[in-house]
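Q: Quick one: this structure, given as structure tokens, is what I'll be asking you about.
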Amino acid sequence: MAIDKHLTGVERHFQRDEIIVSKTDRQGKILYGNDIFIKMSGFTEEELLGKPHSIIRHPHMPRAVFKLLWDTIETGDEIFAYVLNKAKNGDHYWVFAHVTPNYDSSGTINGYHSNRRVPRPEAVAKVQPLYQALLAEENRHADPKAGLAASFKMTLDAVRGLGFDAYDRFVLSL
């Protein structure tokens, strides 16, 4: 795995009774972030609002997990996922995310809402090897689209191989 010169290797933590909350529009641009989101990200509210939620995407997080997340919420379903985020200064922090669609008065999805809790360390330890394998598969391909497709298939195969019909059912079992 390539080393990102902007990563500090320092892990940030938040409290078990804290919940990171953010809301986005349909394109993933941040409309709201609570104080804990702002604190953990290291950005100011002004730096976050209107920016893509991917502003906190950690380079060691496999794109296949985000594809799965987006594919799921765009259909109106919720999803749970373990996510590694990157703070503005290069620190990192793990979250257990629950992402749901928001609807307007006519029943059309108009954005997304995410609550993130402190993950159980043993669950992160179990998901990390899968994420490392997915990222290695993505990086093995010269064409990013081919890497994403291969990693996505690998995600689904791995989850099915563990006896689960969906990624978030696997995640909830950890």
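Q: Does residue 72 fit the bill of being modelled with pLDDT of 95 or more, in contact with an Asp or Glu (Cβ under 9 Å, 6 or more places away or on another chain) and of a type in the set (S, T, N, Q)?
A: Spelling it out, residue 72 is indeed modelled with pLDDT of 95 or more, in contact with an Asp or Glu (Cβ under 9 Å, 6 or more places away or on another chain) and of a type in the set (S, T, N, Q).
Q: Looking only at the stretch 90-104, decide whether some residue is of a type in the set (A, V, I, L, M, F, W, C), closer than 21 Å to residue 164 by Cβ and in contact with a His (Cβ under 6 Å, 6 or more places away or on another chain).
A: Checking the stretch 90-104: not a single residue is of a type in the set (A, V, I, L, M, F, W, C), closer than 21 Å to residue 164 by Cβ and in contact with a His (Cβ under 6 Å, 6 or more places away or on another chain).
Q: Only one of these is farther than 29 Å from residue 17 by Cα and either touching a residue at least 60 places away in the same chain (Cβ under 8 Å) or aliphatic (A, V, I, L, M) (or both): 135, 130, 174, 69. Name it.
A: 135 is the lone residue from the list that is farther than 29 Å from residue 17 by Cα and either touching a residue at least 60 places away in the same chain (Cβ under 8 Å) or aliphatic (A, V, I, L, M) (or both).
Q: Right, another one. Can you tell me which residue is least open to solvent (accessible area, probe 1.4 Å) among those in the stretch 8-29 that are over 24 Å from residue 107 (Cβ atoms) and part of a strand (DSSP E or B)?
A: Per the stated criteria, the residue is 20.
Q: Just name the residue that is nearest to residue 130 (Cα to Cα) out of those in the stretch 38-77 that are touching a Lys or Arg at 6+ places or on another chain (Cβ under 8 Å) and among the hydrophobic types (A, V, I, L, M, F, W, C).
A: Per the stated criteria, the residue is 66.
The values are calculated or read from the model by the stated rules, or taken from the named source; none is laboratory data. This one's a predicted model, so the numbers in the text were calculated from it and none came from an experiment. Here the Cβ is made from the backbone with ideal geometry for all residues, glycine too, and neighbour counts use every protein chain on show. Accessible surface areas use protein heavy atoms only, side chains included; no ligands, DNA or RNA. Shrake-Rupley method; radii C 1.70, N 1.55, O 1.52, S 1.80 Å.
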